[in-house]
1. From the set of residues in the stretch 43-61 that are at pLDDT 85 or above and open to solvent by less than 50 Å² (accessible area, probe 1.4 Å), which is farthest from V2 (Cα to Cα)?
2. Being free of Cβ contacts under 8 Å to residues at least 24 places away in the same chain and polar (S, T, N, Q) is the requirement here; does Q39 meet it?
Amino acid sequence: MVLEGVYVDWRYETALSRAVQASGIATRPRAARRRAERQVISFGARRMHPALAPMIERNAFIGGCDGVAVTKPRS
């Protein structure tokens with residue numbers, strides 16, 4: 001993907017980059033789930049900053065993981 005234009009005009013650049021990142025996170029679990037002969041669990045909280053773990057695990061679950069290893073944040 002190539003984005004062209006004046007940087008100040010790109011108000012939605014951050015949101016767009018987050019959507020692309022989320023899509024990339026969901027792609028790997030989908031491929032792994034197709035090949036697996038057993039359950040696939042994501043352990044994203046072990047490899048990324050804890051603040052990012054809920055986003056990673058959500059997208060991994062959407063991508064096809066059977067479960068995730070992160071707790072729900074307290075309200």
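The values are calculated or read from the model by the stated rules, or taken from the named source; none is laboratory data. Predicted, not measured: the structure shown is a model, and the values here were computed from it. Cβ: placed from backbone, ideal geometry, glycine included. Neighbour counts: every protein chain shown. Each accessible area value is taken on the protein alone, full model and side chains, heavy atoms only, with ligands, DNA and RNA left out. Shrake-Rupley method; radii C 1.70, N 1.55, O 1.52, S 1.80 Å.
1. For the stretch 43-61, the residue satisfying everything is E57.
2. Details: free of Cβ contacts under 8 Å to residues at least 24 places away in the same chain: no; polar (S, T, N, Q): yes.
Judged against the criteria, Q39 is not a match.
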